[in-house]
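Quick notes on the structure that follows.
Values in this text are rule-based calculations from the coordinates and carry no lab data. Computed from a prediction, not measured in an experiment: that's the story for all the values here. Positions of Cβ are backbone-derived with ideal geometry, glycine not excepted, and every protein chain shown enters the neighbour counts.
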Ligand SMILES: CC(=O)SCCNC(=O)CCNC(=O)[C@H](O)C(C)(C)COP(=O)(O)OP(=O)(O)OC[C@H]1O[C@@H](n2cnc3c(N)ncnc32)[C@H](O)[C@@H]1OP(=O)(O)O
Ligand SMILES: O=C([O-])CC(=O)C(=O)O
């Protein structure tokens, strides 16, 4: 038994009889350390294909970035509890932590900030890119396309093993994605783009480029900036979620950082992942329009009416309250109280949660609110349209995607991602000409 395996407690000993001999292993749930690695390696040698749709039990990598204990509702970035980071840190500092592994010193943070500020501008030709999209285009595919286009403007990014250029691409992404996101919004409302103002912080600059007008001074509301910064921290990483796994999978073919993150943005778009934040608000709007009866809605969910799920509820890993949702719920009242928008929808959301958490359907399945349940209410109060919410998630998740791509490219264990399948089609048949079919 390896030290890593032996060090785990609470597991069970299993004996595997494989062509390579008998192997006694302690098998534990993969919440900490490397308990599944030995087992996975042994099974891989046998050539047996394990059937695991959705990768429920498959550890696709080892990682030192984010730790989740889904049963206990624990989330830590590089070992720091999310609650502490939410209370004391800020988004730039957390981005540094995720990407470089340590909290920055004052000098490191200043250097990081200066380098990001130097790259917030977009190439004028890249700005024209937005003209090609319809005005009512969804901002997520617009953002993904624009990030993909960065590879064409910065061809020094193409070699994933060129460390100085990976570092430059990292800074370019952190600097330019907020500008791209703001321009996607401006395009959708037909207003002119604003150049970044690098005397401002990252979040403040983004707010000004999004809501400011060229001829008018834009006054930044510190409560709004603080609320958005907090939400970005809470979204910054979440281990091998669908979009991060996509970033790693695309990157495992040695595609560059921009291409991999462009793909991650599209994985985030779906309503079962990041798109749930928009879907929750649409659900709450729908309940309100139907008279506000949460019982009726919950019954429709339980009756499995086609296409009706309790959006913002349930999670692959959390079988307890999502700690991010706990923080957001706690601060939603405070934030909405300060910036306005504590409307009927918040009451409906709370009633819906209370109703669901006392219902056997949700209790038996361990379904709790996830990070997306309360965020939309805050985004709306900050002035963002529903369609734009997932772009805000993408802005928050960006440092996590970058950190995972960099960890993946440096890991000597990385192999091209290539799952197998269980073939269920025809065994073999002979071709017939079209006249005989
Ligand atoms: C940032 C994020 O990505 S967080 C997730 C955001 N997504 C959402 O909020 C969408 C709503 N939630 C869901 O669709 C799911 O809970 C997911 C996608 C998050 C997780 O899916 P999985 O881990 O594959 O769980 P799965 O779909 O197998 O659900 C297990 C059981 O709970 C039920 N269930 C899960 N989530 C919900 C829900 N939100 N509403 C109603 N029933 C649900 C399933 O129908 C299933 O029941 P069954 O075993 O009787 O068929
Ligand atoms: O971890 C997941 O599967 C989804 C999630 O909560 C996230 O990406 O933040």
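Some values worked out for this structure:
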read-out	value
Helix-derived mean residue ellipticity, 222 nm - over the chain, DSSP H n ≥ 4, -39500 (n - 2.57), to 500	-16500 deg cm²/dmol
Selected from 424, 244, 331 as most flexible by GNM, with the chain as the system and alpha-carbon contacts under 10 Å	424
Between the range 207-269 and the range 340-419, the alpha-carbon center distance in angstrom	13
Per-q log10 I(q)/I(0), the chain, q = 0.12 Å⁻¹ (Debye; single scatterer per alpha-carbon; no solvent)	-1.08
Most fluctuating residue given options 233, 339, 171, as computed from a GNM of the chain linking Cα atoms under 10 Å	339
Most fluctuating residue given options 373, 153, 384, as computed from a GNM of the chain linking Cα atoms under 10 Å	153
Percent RCO, i.e. relative contact order, over the chain, from Cα pairs under 8 Å lying at least 6 residues apart	19
At q = 0.14, 0.22 Å⁻¹, base-10 log of I(q)/I(0) for the range 170-275 (Debye sum, equal scatterers on each alpha carbon)	-0.67, -1.25
Estimated distance in nm for a label pair at residue 189 and residue 127, the labels positioned 7 Å out from Cα along Cα-to-Cβ	1.9
Span from the the range 283-298 Cα centroid across to the the range 38-112 one, whole angstrom	37
Cα-based shape type of the range 386-437, given that a ≥ b ≥ c are square roots of the gyration tensor eigenvalues and the cut on a/c is 1.5	oblate
Largest to smallest principal axis extent of the C-alpha atoms in the range 98-173, angstrom	45, 26, 22
